[in-house]
Structures are given as C-alpha cells and as structure tokens.
Amino acid sequence: MEMSSKLLEKAVAEISQLPGIGKRTALRLALHLLKQPEEHTRLLAESLQKMREDIVFCNRCHNISDNDVCYICANPGRDASVICVVEDIRDVMAIENTGLFKGVYHVLGGKISPIDGIGPSQLNIHTLTEKVKTGGVKELIFALSSTMEGDTTNFYIYRQIKDYDVVTSAIARGIGVGDELEFADEVTLGRSIVHRVPFENSIKSL
C-alpha cells in the first residue's frame with residue numbers, strides 16, 4: 001500500500017499489528033486520528049503508554065490490576081474460599097458481567113497444550129495448588145473452555161489437589177463443547193456458573 005507520508009505509513013504498520021486489524025482498517029483508523037483535535041490523539045497515546053507502564057498483575061489471583069491486589073480480591077464482600085479457575089483475564093470479565101458469581105478468581109494465563117509447547121510450569125498452577133494446600137479454600141470451580149486443552153488442564157489441576165479437603169466442580173455444559181468462554185452470552189454463562197456440577201462427574205468418560 002503506497003502512501004505519501006512515511007509517518008503515516010509507520011503508524012498504519014504499527015496499528016495493523018493489533019489482532020483483527022488489517023492494513024485498510026489501520027489506515028482508516030490512522031486517518032481518523034489525523035482528523036481529531038491533537039489533544040484527543042495525545043490523550044490516547046498517553047493512556048496507552050500509562051497502561052503499558054503501570055498496569056500490574058494481582059499477587060493473589062493474577063488478574064490485571066492497578067494495585068498489588070485487584071479490586072475483586074480486595075473486596076471483603078467476596079467469598080475467598082470459593083475460587084473460579086479461568087484461562088485468562090477476558091474470562092474474568094465475562095463472568096463478572098453476569099453478576100452471579102460472588103467468589104474470587106485464579107487466572108492461569110493459558111491452558112496446557114503440548115503441541116504449542118505450553119506445560120504446567122508455564123502457567124499459574126503452582127500458586128493455585130499452594131492456596132489449596134495452605135487451607136481456607138472450600139471449592140474450586142473449573143471454568144476453562146470446553147476444549148481438549150481445557151479438559152487436560154482441569155484434570156491436571158484436579159490430580160494435584162484431589163487429596164485435599166476441597167470440593168471441585170465444573171461449569172455446567174450450557175457452554176458448547178469447543179466454545180471459548182469469552183464468547184458465551186451472559187445468560188448462558190451465568191447459568192453455567194450457578195448450575196455447576198461436581199468435577200468428578202465430568203471426568204468419568206475420560
């Protein structure tokens with residue numbers, strides 16, 4: 001795509017690296033920014049830079065946060081004895097949007113996937129099992145996507161903590177097999193959390 005400005009060309013190249021953004025969409029966004037007051041573009045750039053520099057991960061659940069402890073873990077109204085295990089931050093947002101879960105979360109940062117070179121040691125599994133081993137956890141809710149990788153990760157964690165006094169459950173299969181959690185509608189996702197089932201029932205066929 002030939003452009004009359006090298007500055008515009010560089011901006012388009014950078015924007016087009018974002019997920020789902022092609023060169024034409026990137027050009028449209030860049031030209032839109034050029035039409036806006038300079039203050040708007042400056043605020044956008046500053047907010048992105050500040051997010052990149054200052055955002056941290058909660059030292060309890062690994063959710064993104066502005067502080068060492070995220071607002072969910074810091075909320076005394078949440079039940080810290082019930083932990084919902086999710087793949088990534090987008091799943092926390094999806095479940096929170098249902099307004100039906102009052103426990104806390106543990107973000108693994110991915111799923112076990114040998115084909116992609118991702119093993120248990122590359123995920124936040126150790127900190128989860130340590131929470132269980134130190135006591136205070138009554139229930140783990142496995143809320144990973146219904147994929148082979150998700151089921152493998154659930155089963156691996158289950159094997160690590162099955163000898164401890166903790167209930168393990170899985171979200172009800174209102175979520176279609178193979179579906180990603182973040183794309184489920186709020187009603188279906190909310191019902192899947194509320195009507196969760198004992199995890200042992202979900203592994204009898206494995």
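The values are calculated or read from the model by the stated rules, or taken from the named source; none is laboratory data. On a predicted model such as this, the values are computed, not experimentally measured, just so you know. Neighbour counts run over all protein chains shown; Cβ positions are idealised from the backbone, glycine included.
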Inside the stretch 93-145, the number of residues satisfying the requirement of being more than 19 Å from residue 170 (Cα to Cα), part of a strand (DSSP E or B) and not aliphatic (A, V, I, L, M) is 1
Problem - Verdict on residue 115 being within 16 Å of residue 153 (Cα to Cα), exposed (fewer than 15 other Cβ atoms within 10 Å of the Cβ) and assigned by TED's automatic domain parsing to the domain that holds residue 171 - result: yes
Per the filter on the stretch 130-168, residues at pLDDT 90 or above, of a type in the set (S, T, N, Q) and within 19 Å of residue 110 (Cα to Cα) are 152, 153, 154, 160
Contact list, first residue from the stretch 102-127 and without any contact (Cβ under 8 Å) to a residue 12 or more places away in the chain, second anywhere and of a type in the set (Gly, Ala, Ser) and not in a helix (DSSP H, G or I), beta-carbon distance below 9 Å, six or more apart or interchain, is 116/110; 118/110; 119/113
Taking the stretch 169-183 and keeping only residues that are within 16 Å of residue 85 (Cβ to Cβ) and at pLDDT below 65, one is left with 175, 180, 181, 182
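Table: residues versus (1) buried (at least 18 other Cβ atoms within 10 Å of the Cβ); (2) farther than 27 Å from residue 163 by Cβ.
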residue: 75; (1), (2): no, yes
residue: 79; (1), (2): no, no
residue: 98; (1), (2): yes, yes
residue: 105; (1), (2): yes, no
Checked against (1) outside the structural domain of residue 131 (by TED's automatic domain parsing); (2) surrounded by 15 or more Cβ atoms within 10 Å (Cβ to Cβ); (3) among the β-branched types (Val, Ile, Thr), residue 25 satisfies every condition except (2)
Within the stretch 42-67, residues being of a type in the set (Ser, Thr, Tyr) and not in a helix (DSSP H, G or I) number 1
